1. Starting from a Cα-only point model with no solvent, please compute log10 I(q)/I(0) by Debye for segment 2-45 at q = 0.22 1/Å.
2. Distances longer than 12 Å among the Cα atoms of segment 34-82: what percent of all pairs is that?
3. How high is the relative contact order of segment 1-149? Use alpha-carbon pairs under 8 Å, at least six apart in sequence, and give a whole percent.
4. Can you pull the percent of segment 93-147's accessible area that's carbon plus sulfur, 1.4 Å probe, other chains left in place?
5. Taking each pair of different alpha-carbon atoms in segment 20-172 once, compute 1/r for the pair, average those values, and report the inverse of that mean as the Kirkwood hydrodynamic radius in Å to one decimal.
6. When only DSSP loop residues count, what GluC sites (Glu not before Pro) in segment 142-223 have their Cβ near at most 13 other Cβ atoms within 10 Å?
7. At q = 0.12, 0.13, 0.26 Å⁻¹, what is the log10 ratio I(q)/I(0) for segment 156-209, with the Debye formula run over Cα points and no solvent?
8. Mind grabbing the base-10 log of I(q)/I(0) for segment 1-104 at q = 0.10, 0.11, 0.18, 0.21 Å⁻¹? Debye formula, identical points on the C-alpha positions, no solvent, two decimal places.
Amino acid sequence: LNPLLAPGAVKKLEPKIRQRAAELIEKFKNDGQCEFMDAFGTPFPVTIILELLGLPISKMEQFLEWESNLLHSKDMEVMAGAAIAIKEYLAELRAERQANPSDDIVSYVVNAEINGRLLTDDETMGILYLFFVGGLDTVASTSGFIFRDLAENPKHQTFLRENPDRIPAAVEEYLRRFSPVTVYRQCREDTEVGGIKMKKGDWISIVLALGSLDPSEFDCPMEIDFDRKNVRHFGLSFGVHFCLGNHLARRELIIAIEEWLARVPDWRLKEGEKIDVHGGAVFGVDRMWLTWG
């Protein structure tokens, strides 16, 4: 799967990614304000991954509803219903692409071979499910926190306007400060970690953000420091779970900042408007009004 989203493949996508960002910003930049997540934070990365997967953008609202119910609902029936709906949709899509392959990731996966054999149905479903769940939330969530910081700290905007070559390093620092994903593991046997006893069957929340905020690794870990050296973080997970789409995610975030700085004057939080955020499997911003001019 690596060649699908390798640096060379992402570089070829860059003109389309930049065009998408510019088109979205042009729709609202003369309004002097926007609700960031609806206007840009969500549609920018989500439409890109939908196109890569070969999923219809016209169904984006439905996909996002499933995603939200799966990752953020506290009702187990709602979560289960979303999981089933996603699986059923992907199963139908898989069958269609097996019969009529196209130039997209789904077609690649369902027709791929490993060691001379096609992937099994379970294998293809696992891969497609992960693409769907991972692609529709994480970049949008991270961008919400990034643009909130830029709105609250004009000095950060000024620095990046004056030093555009530092935007990639800034993205790494933002990924460290706002690592959005929490993963869950189940104990297979009774165990003890750090003096905490856990029983077989217990579910454990592993908050990756805490690793990215480790004070033994980072001085003043809660502060945004664009000059921070050797930024190692868990914003893209690690080891065998390291994010397959990391090159695409980084490029999208870099381009988002570049295009906003080029097209929108100093933006700030709109006075009197509440910011809505959520925790859970993926931390994120639900609603955030920005204003400028």
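The values are calculated or read from the model by the stated rules, or taken from the named source; none is laboratory data. For clarity, every value in this text was computed on a predicted model and none was experimentally measured. Positions of Cβ are backbone-derived with ideal geometry, glycine not excepted, and every protein chain shown enters the neighbour counts. For accessibility, only protein heavy atoms count, side chains too; no ligands or nucleic acids. Shrake-Rupley method; radii C 1.70, N 1.55, O 1.52, S 1.80 Å.
1. -0.74
2. Result: 66 percent of Cα pairs exceed 12 Å.
3. Value for segment 1-149: 26 percent.
4. Reported share for carbon and sulfur atoms: 53 percent.
5. It is 17.8 Å.
6. E189, E223
7. Ignoring solvent entirely, the Cα scatterers give -0.50, -0.53, -0.97.
8. With one equal scatterer per Cα and no solvent, log10 I(q)/I(0) is -0.39, -0.47, -1.07, -1.19.
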